[in-house]
Each structure stands twice: as structure tokens, then as C-alpha cells.
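Encoded as C-alpha cells, the structure appears first; notes follow it.
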Amino acid sequence: MNKVNIGFSRPKKWKLLAAFIMLVGGTNYSHTFVTWKDPRIKRRKVFEAVGSGIRILSNVTFKRHAEVIKIYSFEVSDEKLIEIEQLAHDMAGTSYGYKALVGIGVIKVFNFFNSLLKLKGRQTNNIFKDGASSNVCIEAGARILFKILDKSLPSNIESFELDDYDDLVSRHGKKMSQAKIDRINKKDNG
């Protein structure tokens, strides 16, 4: 069996977009990613969607810029790992979903004002969704998650916010201990 991890992170250095995502989303992380160890090359890979697009990079490179906040593990067969590798490979180099990110922001603002004004109804549809044409980190990660779970991707995945996605991942994965996350981030516990 192999382990595939889905994690949540924030940049080590302050970045405007990340700060805005955490502020609006009410989270202490601004990003989600997928990682696994490739048994053939004995290296850990990270799959993510960032401003430059969908990419696969080394774990070492990823950790230079990111602080990992939490990780959930999933056990997968050799065959499933190949399917995940194929999906990640096929998505690599595709566009980042800037418009979808704006759509998620519109949902947040709409729902904030509905709550503030005590109005009924909740916006749940991203007006800027574009299917598989582009992906934000949540959507890219969810494509891997639902491959692991052998389920169809929800039709509203482009409307998921980070906390919604975190709830979904936590229901299916095994949470990594804080001590291990501290080791990943090279923090001293003493």
C-alpha cells in the first residue's frame, strides 16, 4: 500500500492573496495540495494549483516556500497510485482558475451580507465556473481526492471554499499528528 496525503498550508512569507484568502475564509491556511512518494524514483512529489497553473514539484522545493498546517493521509493501492500519477500528469501545465477564485469570493461576500442582514437564502453557485478548463487548488486537490474515493466529482466543486474542502478531506482521511507536522516544518518542540 502507498500513502497519498492531502494537506493545507500557507506561505512562509506574507503574500497579499494568501492573506486575503485566510481573512475572507476564516482559516489559518490559504492553500491545499496533494503529496505522495513515488516508489520508482524514491522522491516525494507535490501536486498543486498556483497562480502559474497546475504543477508537480519536489517536496523539498515546496517546503522552501510553504508552512504545512495540517495533513490527512489516505492509503491507496499501487494501481490507484498510478491512476493518481496519470491524472496529475495530465493536469500539469493547465491554467489556474482565477475567475473561479473570484466567483468563490462573490459567494463569500453574498453570504456574508445575507447573514449580516438576516436574509434567507445562501449563494452556493460559482458564477464563474468553467469545468475542467482551469482549476484552483481546491478543485485540483478534489480531483485527486475523488479518484482515491472512487466517486464522481461533485458538480458544485468549483463553489467549495477551503473550510468546506477541509471538512470533506477530514471525514475520509487520517489526520497527521502535530509532532509530525512540526518535523515537516522543522520546528523544535522543546
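Structure summary
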| quantity | calculated |
| --- | --- |
| Centroid-to-centroid separation of the stretch 54-118 and the stretch 138-190 [C-alpha atoms, Å] | 9 Å |
| Among 63, 12, 45: highest mean-square fluctuation, GNM of the chain, C-alpha pairs under 10 Å | 12 |
| The chain - mean residue ellipticity at 222 nm from DSSP helices (-39,500 (n - 2.57) per run, n ≥ 4, rounded to 500) | -13000 deg cm²/dmol |
| Spin-label model distance (nm) - residue 1 vs residue 132, 7 Å beyond Cα toward Cβ | 2.9 nm |
| In nm, spacing of pseudo-spin labels at residue 95 and residue 79 (7 Å Cα→C-beta vector) | 3.6 nm |
| Residue-span extension gain [residue 22 to residue 42] - 0.36 nm each, minus C-alpha spacing | 3.8 nm |
| With Cα atoms, 0 to 90° folded angle of helix 78-91 axis to the chain main axis | 50 degrees |
| Lys/Arg +1, Asp/Glu -1 at C-beta; the stretch 141-190 dipole; positive extreme among 145, 165, 179 | 179 |
| For the stretch 92-180, projected area of the alpha-carbon convex hull averaged over all directions, nm² | 7.6 nm² |
| DSSP bridge orientation in the stretch 23-174 - percent antiparallel, rounded to nearest 5 | 85 percent |
| Dipole of the stretch 1-120 [Lys/Arg +1, Asp/Glu -1 at C-beta], most positive-end residue of 88, 50, 21 | 21 |
| Rough spin-label spacing in nm, given labels placed 7 Å along Cα→Cβ, for residue 112 and residue 13 | 2.7 nm |
| Volume in Å³ per residue [convex hull over Cα atoms, computed for the chain] | 134 Å³ |
| Dipole magnitude of the stretch 93-141, debye to nearest 20 (Cβ charges: Lys/Arg +1, Asp/Glu -1, about Cα centre) | 320 debye |
| Under 17 Å from the Cα of residue 13 - aspartates and glutamates, other chains or at least 8 residues apart | 67 |
| Sequence-distant residues sharing a close amide H with residue 50 (under 5 Å, placed H) | 55 |
| Per-residue ³J(HN,Hα) for the stretch 182-187, Karplus 6.51 cos²θ - 1.76 cosθ + 1.60, θ = phi - 60°, Hz, x for Gly and Pro | 4, 5, 4, 7, 6, 9 |
| Nearest-0.05 FRET efficiency for residue 176 and residue 102, computed from C-beta distance (R0 41 Å) | 0.80 |
| Estimated dipole of the stretch 66-190 in Debye, rounded to 20 [Cβ of Lys and Arg +1, of Asp and Glu -1, Cα centre] | 560 debye |
| Integer Hz, Karplus 6.51/-1.76/1.60 couplings in order for the stretch 111-127, x for Gly and Pro | 5, 4, 5, 4, 5, 4, 8, 6, 8, 6, x, 9, 6, 10, 10, 6, 6 |
| Highest average packing first - 26-34, 147-155, Cβ atoms within 10 Å | 26-34, 147-155 |
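Just so you know, all these numbers are worked out from the coordinates, no wet-lab data involved. These figures come from a predicted structure and were not determined experimentally. Note that we place each Cβ from the backbone using ideal geometry, even for glycine, and neighbour counts take in every protein chain shown.
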